[in-house]
């Protein structure tokens with residue numbers, strides 16, 4: 001059996017003297033949607049930043065497509081096919097929607113396919129085509145999140161990392177974004193790893209989920225198993 005597309009093996013990560021992640025291991029198969037569930041401060045963003053090359057583990061390793069990547073820079077990671085949508089919908093506020101999307105295709109391999117990628121993003125998020133000449137700062141929160149995902153897709157990733165994509169959005173917009181994530185996996189054949197504290201809307205669409213608490217993985221299972229787990233409901237569903 002082939003190894004998972006993404007494999008995190010017993011990594012420890014520190015911020016100075018603070019031990020943020022403790023022997024974290026997980027795997028994500030090709031074409032899966034997987035999720036890391038956890039409260040604020042659990043270490044979700046730290047884990048994604050480590051996979052994306054922003055942070056380096058003090059021990060353990062990260063492999064992608066059977067290649068060790070934990071020593072690569074974020075730019076090299078994008079070139080390998082790993083793209084991250086950070087928390088906070090970061091973009092260039094003084095540039096238009098189209099200019100932001102074009103920046104997303106800065107790696108040479110993606111630049112060659114820019115027009116094709118742009119068409120697919122406009123099909124996925126028609127509002128971005130309508131507003132392509134507007135400054136990104138004039139978009140609503142939900143539209144900015146669509147733009148952030150679009151910028152990531154412009155890099156033609158094999159693996160997309162989403163950090164708190166539902167944060168601060170209305171339930172109706174959350175539903176639209178969940179639908180778009182399903183469509184990206186199906187139509188663009190992109191493997192997706194989501195870090196999210198809002199477990200209820202995410203768990204029904206994932207193949208595999210992991211629960212992160214205080215920097216340690218405490219539970220894992222299929223989306224259905226976690227959705228029906230009374231402890232998960234009590235901690236993350238508000239019931």
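Of note, residue 199 satisfies the criterion of being closer than 30 Å to residue 121 by Cα, modelled with pLDDT under 90 and either surrounded by 19 or more Cβ atoms within 10 Å (Cβ to Cβ) or in contact with a strand residue (DSSP E or B) (Cβ under 8 Å, 6 or more places away or on another chain) (or both). Output the residues belonging to region 127-137 that are surrounded by fewer than 15 Cβ atoms within 10 Å (Cβ to Cβ) and either at pLDDT below 95 or touching a strand residue (DSSP E or B) at 6+ places or on another chain (Cβ under 8 Å) (or both). Hits for region 127-137 are 133, 134, 137. Take the residues in region 78-100 that are over 16 Å from the mean Cα position of the chain (by Cα) and closer than 27 Å to residue 50 by Cβ; name whichever of them is modelled with the lowest pLDDT. Residue satisfying both the conditions and the ranking: 92. Please verify whether residue 181 is more than 20 Å from residue 21 (Cβ to Cβ), under 16 Å from the mean Cα position of the chain (by Cα) and assigned to a strand (DSSP E or B), treating the condition exactly as stated. No; evaluated as a whole, the condition is false for this residue.
Does residue 30 qualify as being closer than 21 Å to residue 155 by Cβ, surrounded by 13 or more Cβ atoms within 10 Å (Cβ to Cβ) and under 19 Å from the mean Cα position of the chain (by Cα)? Yes, satisfied.
Annotation: of all residues in region 152-175 being in a helix (DSSP H, G or I) and either within 12 Å of the chain's Cα centre (by Cα) or at pLDDT 95 or above (or both), the one that is surrounded by the fewest Cβ atoms within 10 Å (Cβ to Cβ) is 152. Residue check: residue 40 meets all listed conditions (1) at pLDDT below 95; (2) surrounded by 23 or more Cβ atoms within 10 Å (Cβ to Cβ); (3) within 14 Å of residue 215 (Cβ to Cβ) but one, namely (2). Taking region 101-126 as the search range and keeping residues that are in a loop (DSSP other than H, G, I, E, B) and under 20 Å from residue 186 (Cα atoms), which one is modelled with the lowest pLDDT? Checking each candidate, the answer is 113.
Filtering region 202-214 to residues that are surrounded by fewer than 21 Cβ atoms within 10 Å (Cβ to Cβ), in a loop (DSSP other than H, G, I, E, B) and within 18 Å of the chain's Cα centre (by Cα) leaves only 207.
Failed condition for residue 63, given (1) farther than 18 Å from residue 158 by Cα; (2) surrounded by fewer than 22 Cβ atoms within 10 Å (Cβ to Cβ), with all others met? Unmet for residue 63, out of (1) farther than 18 Å from residue 158 by Cα; (2) surrounded by fewer than 22 Cβ atoms within 10 Å (Cβ to Cβ): (1). Among the listed residues 68, 89, 111, which satisfies the condition of being closer than 25 Å to residue 36 by Cβ and free of Cβ contacts under 8 Å to residues at least 12 places away in the same chain? Only one candidate passes the filter, namely 68.
Report whether or not residue 224 is out of contact with any strand residue (DSSP E or B) (no Cβ under 7 Å at 6 or more places or on another chain), surrounded by fewer than 16 Cβ atoms within 10 Å (Cβ to Cβ) and more than 23 Å from residue 171 (Cβ to Cβ). In short, no.
The values are calculated or read from the model by the stated rules, or taken from the named source; none is laboratory data. Here the structure is a predicted model, which means the values were calculated and not measured. FYI the Cβ positions are ideal-geometry reconstructions off the backbone, even for glycines, and counts take in every protein chain you see.
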